[in-house]
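In what follows, a single structure is set out as structure tokens and then discussed.
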Amino acid sequence: MKRSALILISVSVLGVFAHLAVPQEVFAIPVPTVQFGVEDAGEPSTLSTALQVMFLLTVLTLAPSILILMTSFSRFVIVLSFLRQAMGTQQTPPTQVLIGLALFLTFFVMSPVLSEINDKALQPYLNEEITQGKALEVAQTPIKTFMLKQTREKDLALFINMDQGERPETLDDVKIQSVVPAFVISELKTAFQIGFLIYIPFLILDMVVASILLSMGMMMLPPVLISLPFKLMLFVMVDGWHLTVGSLVKSFA
């Protein structure tokens, strides 16, 4: 114990002398400082640029919600998830692959809408031909038209009736606040309907395999283990990915 204490004291003394012998500038590491503040804008253009940057950051923050709730992305990703569960392949294809496929299919379907927004709203705004408010008003027209085309009248009427404001006379007068939730629940119902139709052939195959195994007395063998290769073979033989993706894209026509 005394020996350990002497070693500890010696190391501490050496450390102190080493710290005193080395100049303090060696240990001085420059650390940058960050300052936040509100200052008076010298010119109106400076304030306008700051507001544009703030608006851009706000749009980027809401971009995931806009992608999920106001485009065809939700239908694609839900149906593809149903397809993977119906085949019983667990995590194959991986979730990242399904989301990536749904994302690029969304860009493909929404390309006419995005082109119209770019030509009529974004480019005139960047060229300072229209104001920011006018650009937002023009930009929401194509996306609202797309959503109304895919929205059921029953779902749209539900949110219009719950709105305490003035009743719209035409579809153009319907507020975007009513169109978005109506579009979402319509997409959910459509996606579940397509998912049910996808499940039927795989479910029939599972039932046939289970009946055969039961008749052979092989009750301890999981039917899913035997039906999985047959489901994969059936899906590949009918070119399932081509049919599924083609039908999904055509459902937005």
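The values are calculated or read from the model by the stated rules, or taken from the named source; none is laboratory data. Predicted model, so just to flag it, every value in this text is computed and none were measured. Neighbour counts run over all protein chains shown; Cβ positions are idealised from the backbone, glycine included. These area figures cover heavy atoms from the full protein model, side chains too; ligands, DNA and RNA do not enter into them. Shrake-Rupley method; radii C 1.70, N 1.55, O 1.52, S 1.80 Å.
Observations
- Flag if residue 79 is at pLDDT 85 or above, assigned to a helix (DSSP H, G or I) and farther than 30 Å from residue 230 by Cα: no
- From the list 108, 159, the one residue that fits, being in a helix (DSSP H, G or I), of a type outside the set (Asp, Glu), modelled with pLDDT of 85 or more and under 20 Å from the mean Cα position of the chain (by Cα), is 108.
- So residue 229, is it free of Cβ contacts under 8 Å to residues at least 12 places away in the same chain, assigned to a helix (DSSP H, G or I) and not aromatic (Phe, Trp, Tyr): yes
- Qualifying residues in segment 111-130 (those that are of a type outside the set (A, V, I, L, M, F, W, C) and touching a helix residue (DSSP H, G or I) at 6+ places or on another chain (Cβ under 6 Å)) - the one least open to solvent (accessible area, probe 1.4 Å): 125
- In segment 86-100, of all residues being open to solvent by 50 Å² or more (accessible area, probe 1.4 Å) and either in contact (Cβ under 8 Å) with a residue 40 or more places away in the chain or not in a helix (DSSP H, G or I) (or both), the one that is farthest from residue 227 (Cα to Cα) corresponds to 94.
- Segment 155-195, subset of a type in the set (D, E, K, R) and within 24 Å of residue 245 (Cβ to Cβ), residue most open to solvent (accessible area, probe 1.4 Å): 189
Residues checked against (1) under 18 Å from residue 252 (Cβ atoms); (2) touching a Leu at 6+ places or on another chain (Cβ under 9 Å):
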residue	(1), (2)
159	no, no
163	no, no
181	no, yes
197	yes, no
201	no, yes
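- The set of residues in segment 143-154 that are assigned to a helix (DSSP H, G or I) and buried (at least 19 other Cβ atoms within 10 Å of the Cβ) comprises 143, 144, 146, 147.
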